[in-house]
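Read the structure below first, then the notes.
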Amino acid sequence: MASTDEFTANDWVVYIVGQQNVRKGLLASFLEREFKLCCQVAEKGYDHPPISFVGNCSLLLLRDCSGDNAEEVLGYVATFGDRLLSDKKTCLALINISPDLEIEAELLRHGVRGVIIGSHVAPDFLLRFVRAILAGELWFPRQLISRCILESRGQIVAKEGETPAPLKSILPVTLSVREKEVLMEIGIGSTNDQIADHLCISQHTVKSHVYRIFRKIHVPNRLQAALWASKYLV
């Protein structure tokens, strides 16, 4: 059984969509070689994967957005409805997004797990991206996730010298001070390693906090935890 420290490859299948068949094929071969993942390429652009291919595995949909405009990318994401927010076994990640589109915030709100902006991506960067997604992490600019959390609260980011709008003070569950700190870090996209560094605690302690937080707020993954934090976190 192929595995890494963060995920088990045999539990996942990867379905790659996009208009450029050569690039899709190369990407599939690369991920199969590096992670021992089961990969398949869509024959017709953006076709959804056959049920028989996915089986009981979790699904990573990886879309190559080379040459796509904002309407095409957002239209594709919209075809999933609320599934990306509610189905813990389906992940969508987008690569090669033109930096001119500026749609990352919209993609995050619709449940996309991660994006890579720009078309010149180093292989090691792509590997870290895929590994993070399969390990249940978000891959968005930290500043973007912070802004989305503030916007979802209706809180306007204060200018220098101004006082920010008050935050919500009542949570539907009881969280310790440390659990709130960890959850805020999850909400802005921090990895367990980063949380350990920021809060000066061990990675084992971080994992214990994350486990308890997920149980308390009844979420299956970091994406749902981040969305919960954006709605309730003090």
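Scanning segment 178-198 for residues that are modelled with pLDDT under 85 and in a helix (DSSP H, G or I) yields a total of 1. Yes or no: G111 surrounded by fewer than 16 Cβ atoms within 10 Å (Cβ to Cβ) and either at positive phi or at pLDDT 90 or above (or both)? No, not satisfied. Only one entry of L171, L144, L167 meets the criterion of being more than 30 Å from W12 (Cβ to Cβ), modelled with pLDDT under 85 and surrounded by 14 or more Cβ atoms within 10 Å (Cβ to Cβ), and that entry is L171.
In segment 80-94, which residues are in contact with a strand residue (DSSP E or B) (Cβ under 6 Å, 6 or more places away or on another chain) and either in a strand (DSSP E or B) or of a type in the set (A, V, I, L, M) (or both)? Within segment 80-94, L84, T90, C91, L92, A93, L94 qualify. Restricting to segment 81-113, count the residues that are among the hydrophobic types (A, V, I, L, M, F, W, C) and in contact with a Pro (Cβ under 9 Å, 6 or more places away or on another chain). Of the residues in that region, 0 qualify. Of the residues D47, D82, D64, D11, the single one that is touching a Ser or Thr at 6+ places or on another chain (Cβ under 8 Å) and either outside the structural domain of W228 (by TED's automatic domain parsing) or under 22 Å from N221 (Cα atoms) (or both) is D11.
The values are calculated or read from the model by the stated rules, or taken from the named source; none is laboratory data. Not measured: the values here are computed from a predicted model. Positions of Cβ are backbone-derived with ideal geometry, glycine not excepted, and every protein chain shown enters the neighbour counts.
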